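The values are calculated or read from the model by the stated rules, or taken from the named source; none is laboratory data. Note that the coordinates shown come from a computational prediction; the quantities given were computed from them, not determined experimentally. Note that each Cβ is placed from the backbone with ideal geometry, even for glycine, and that neighbours are counted across all protein chains shown. All accessible areas refer to the heavy atoms of the entire protein, side chains included, with ligands and DNA or RNA removed. Shrake-Rupley method; radii C 1.70, N 1.55, O 1.52, S 1.80 Å.
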Amino acid sequence: AAQTSGAARKRLDMNEYRERLEARLGKSREMMRVVLNKAKSNPKRVALAEGTNEKMIRAAYQMQEEGIAQPILIGNTKRILRKAEELGLDFDPTIANPRDGEWDHYADRLYELRQRKGITESEASELIRRDSNYFASIMVETGDADAMLTGLTHHYPAGLRPPLQVVGTAEDANYAAGVYMMTFKNRVVFCADTTVNLDPDEEILAEITKHTAKLARRFNIEPRAALLSYSNFGSVNNEGTAKPRNAAKLLQDDPEVDFPVDGEMQADTALVEDILEGTYDFAELEEPANVLIFPNLEAGNIGYKLLQRLGGAEAIGPMLVGMDKPVHVLQRGDEVKDIVNLAATAVVDAQEE
Ligand code: ACO
């Protein structure tokens with residue numbers, strides 16, 4: 001009998017697990033549906049820097065088939081076509097081969113942009129031919145593509161540096177940052193910065209908060225931002241806790257900021273309504289925060305990964321905010337669905353240019 005009840009309990013656990021998983025995926029699919037539908041209404045050209053990569057080719061096929069984006073695979077034409085055939089993908093992809101003579105003007109443009117940053121003419125030519133991250137960045141910068149994706153085969157900083165150097169930040173931005181959208185059963189939170197700025201000061205934190213709030217609206221979510229720390233509203237006062245506190249103040253005093261924001265606060269204060277409404281009923285947030293701004297990269301990167309692996313959240317990202325054109329740098333090991341989701345986000349971004 002003990003065995004039966006054990007097995008029954010296991011079945012129950014499994015059912016509960018499945019239900020939770022379905023609910024969570026339901027939320028994440030619902031969020032992505034908003035973006036995928038927006039993307040399909042006006043699919044833009046997305047340059048895929050790692051065009052010979054199998055996952056990129058599969059993702060390109062899916063984007064094209066579903067009308068989410070017009071992918072441009074960057075790389076050796078023969079290799080890409082051979083791989084597509086081996087994968088059994090029946091499509092006629094748009095390919096840009098950096099070794100074709102027709103792209104010499106990209107080297108000229110790179111030289112023009114970077115000659116006073118230590119790049120010589122021959123180096124520019126070499127970079128365009130050999131480093132597809134530079135090629136894709138110039139493609140976006142010159143307007144031959146509307147967005148760019150890279151990162152599957154590089155360390156994150158190596159994928160990020162060329163677009164930072166070539167595309168740069170938007171007019172209203174000085175800093176790029178990486179945002180993850182984390183979806184749970186009944187809630188969605190945006191976490192930043194999870195991938196770029198090692199130790200942002202209070203002004204950078206304030207800027208990142210604004211970019212992240214704007215991104216949340218793109219997913220039809222009204223932002224409520226919390227500047228996170230290990231203290232609540234001055235309960236510990238030192239340089240570390242002052243940084244998010246001052247960032248919150250900068251945002252509250254900024255006439256452009258049209259969303260509730262407060263801090264510094266602990267993560268549970270930000271997320272638990274009873275704490276917010278009880279002990280800290282003076283806080284500007286009346287409901288739990290859905291934009292979580294971490295005080296530094298260690299906290300942000302560790303935090304989102306804990307939510308994903310222990311909290312069971314579905315993660316979409318990293319979405320790069322603050323750039324002049326939509327550029328996203330994937331993580332090594334990301335899957336085809338991650339690539340397609342980020343491409344859709346980039347397309348929606350590009351539609352608003
Ligand atoms: N926002 C916008 N532009 C930036 C930023 C930023 N945060 N940081 C640097 N830049 C610009 C610089 O101004 C410079 O432009 P310029 O050459 O036109 O003057 C260009 O980028 C390159 O700057 P460098 O100083 O050469 O690059 P740096 O060594 O500062 O590297 C980088 C920048 C790559 C973002 C670095 O800060 C970094 O490695 N960050 C951490 C990345 C990381 O490891 N993330 C965690 C893992 S990723 C994951 O888990 C998905």
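Can you find even one residue in region 169-183 that is more than 15 Å from the ligand (Cβ to nearest atom) and modelled with pLDDT of 95 or more? So far as region 169-183 goes, no, none of its residues is more than 15 Å from the ligand (Cβ to nearest atom) and modelled with pLDDT of 95 or more. Can you confirm whether region 149-162 contains a residue that is more than 12 Å from the ligand (Cβ to nearest atom) and open to solvent by less than 20 Å² (accessible area, probe 1.4 Å)? Yes, some residue in region 149-162 is more than 12 Å from the ligand (Cβ to nearest atom) and open to solvent by less than 20 Å² (accessible area, probe 1.4 Å). Taking residues in region 73-90 that are over 20 Å from Asn133 (Cα atoms), and partners anywhere that are part of a helix (DSSP H, G or I) and not polar (S, T, N, Q), the pairs with Cβ atoms closer than 6 Å and at least 6 places apart or on different chains are Lys83/Ile57; Ala84/Ile57; Leu89/Tyr61. Starting from residues that are under 11 Å from Ala47 (Cβ atoms) and open to solvent by 20 Å² or more (accessible area, probe 1.4 Å), keep the ones in region 124-141 and report whichever is farthest from the ligand (Cβ to nearest atom). The qualifying residue farthest from the ligand (Cβ to nearest atom) is Ser132.
Within region 184-197, the set of residues being assigned to a loop (DSSP other than H, G, I, E, B), surrounded by fewer than 24 Cβ atoms within 10 Å (Cβ to Cβ) and more than 7 Å from the ligand (Cβ to nearest atom) comprises Phe184, Lys185, Asn186, Arg187.
Filter region 41-65 for residues that are part of a helix (DSSP H, G or I), open to solvent by 40 Å² or more (accessible area, probe 1.4 Å) and either hydroxyl-bearing (Ser, Thr, Tyr) or touching a helix residue (DSSP H, G or I) at 6+ places or on another chain (Cβ under 7 Å) (or both) and give the result.
Kept after step one, since they are part of a helix (DSSP H, G or I), are these residues of region 41-65: 41, 54-65.
Still in the list and also open to solvent by 40 Å² or more (accessible area, probe 1.4 Å): 41, 54-55, 58, 61-62, 64-65.
Answer for region 41-65, where residues must be part of a helix (DSSP H, G or I), open to solvent by 40 Å² or more (accessible area, probe 1.4 Å) and either hydroxyl-bearing (Ser, Thr, Tyr) or touching a helix residue (DSSP H, G or I) at 6+ places or on another chain (Cβ under 7 Å) (or both): Ser41, Glu54, Lys55, Arg58, Tyr61, Gln62.
Residue count for region 260-278 under the criterion of being open to solvent by less than 20 Å² (accessible area, probe 1.4 Å) and at pLDDT 95 or above: the result is 7.
Quick one: would you say Ala299 is surrounded by 24 or more Cβ atoms within 10 Å (Cβ to Cβ), aliphatic (A, V, I, L, M) and under 13 Å from Leu228 (Cα atoms)?
On the way: surrounded by 24 or more Cβ atoms within 10 Å (Cβ to Cβ): no; aliphatic (A, V, I, L, M): yes; under 13 Å from Leu228 (Cα atoms): yes.
Answer is no for this residue.
Across region 69-93, the number of residues qualifying as more than 25 Å from the chain's Cα centre (by Cα) and open to solvent by 30 Å² or more (accessible area, probe 1.4 Å) comes to 14.
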